Amino acid sequence: MPIVEIASLTKRFGATTVLDGVDLDVAEGEVVAIIGRSGSGKSTLLRCINGLESIDGGRITAAGVEVKPSSLREVRRSVGMIFQSFNLFPHLSALENVALPQIVMNKTPKHKARANAARLLDRVRLSERAQAFPSKLSGGQQQRVAIARALALEPRVLLCDEITSALDPEMVGEVLDVVAELAKGGMTMLLVTHEMGFARQAADRVVFMHEGKICEQGAPSQMFDRPATAPLAQFVQSIRHKG
Ligand SMILES: Nc1ncnc2c1ncn2[C@@H]1O[C@H](COP(=O)(O)OP(=O)(O)OP(=O)(O)O)[C@@H](O)[C@H]1O
Ligand SMILES: [Mg+2]
């Protein structure tokens, strides 16, 4: 049984069809990298999966629950999402940022939420910064707090939308290391990424979006070394030229 099932998904913004009949099943423990040009619909696809966008056609099921307006609370209990911007609460310490969602969403007692938060900050290698406020943390550290915060709700699926794109280059590695560890630990993940080296290493499957459709998908080596469609071949070329 796939943990995420997407069938004939259609999404429009006004007259523009942004997702055009997307079918995608993700198995438990699978890591799927989503690549494609700007505007191809990658973020919209992730946003539909956790119900941040309503859909115009088709059906999405996440952890056995159909994603629809009346099920969003339940969906978001199993589906976590991390964004390019970290969106931490500026007036709370790293520890409190990770503890708060558990207290609010899961009614976890405060002391237990804080203990969980400490353990999760350790897991993203930030124990020594637990009391720091976001403004005193580097971008890479803030993003790792955001990852810990998402993990605090014990998601069964984690959606990551270009979570390293806003970081200075020297901080990309520390965040990708954490993601790679989660992947190895069996977390189901859908990752929109421009880090092709990372996609090649960490993903079980790469999905190439083009003009709102899944144009091609397969194992990383197949996708990057032997693209079968012209749009993917062009995309891979364009990345090579960027270095
Ligand atoms: N809220 C919105 N209202 C109107 N159009 C939107 C909205 N969000 C996205 N779009 C349009 O939908 C299309 C797909 O956008 P999306 O953000 O999913 O692309 P993307 O593949 O994530 O691109 P990028 O790589 O630049 O992040 C684009 O044409 C975009 O302009
Ligand atoms: Mg995007």
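Does the range 40-49 contain any residue that is more than 15 Å from the chain's Cα centre (by Cα), surrounded by 13 or more Cβ atoms within 10 Å (Cβ to Cβ) and at pLDDT 95 or above?
Yes, that holds for at least one residue.
Return a yes/no flag: does the range 205-223 have any residue that is buried (at least 19 other Cβ atoms within 10 Å of the Cβ), at pLDDT below 95 and of a type in the set (Asp, Glu).
No, the range 205-223 has no match at all.
State whether one or more residues within the range 106-120 are modelled with pLDDT under 95 and under 25 Å from Leu45 (Cβ atoms).
The answer is no, given that none of the residues of the range 106-120 is modelled with pLDDT under 95 and under 25 Å from Leu45 (Cβ atoms).
Please work out which one of (1) within 16 Å of ligand 2 (Cβ to nearest atom); (2) out of contact with any strand residue (DSSP E or B) (no Cβ under 6 Å at 6 or more places or on another chain); (3) under 20 Å from Ala152 (Cα atoms) is the condition Met81 fails and give its number.
(2)
Show the residue pairs that are 6+ apart or on different chains and have beta-carbon atoms under 7 Å apart, the first residue being within the range 36-59 and closer than 18 Å to Asp25 by Cβ and more than 8 Å from ligand 2 (Cβ to nearest atom), the second being in a helix (DSSP H, G or I) and of a type outside the set (A, V, I, L, M).
Asn50/Arg76; Ile55/Cys48
The values are calculated or read from the model by the stated rules, or taken from the named source; none is laboratory data. Given the structure is predicted, the values throughout are model-derived calculations rather than measurements. Heads up, the Cβs are rebuilt from the backbone with ideal geometry, glycines too, and the neighbour counts pull from every protein chain shown.
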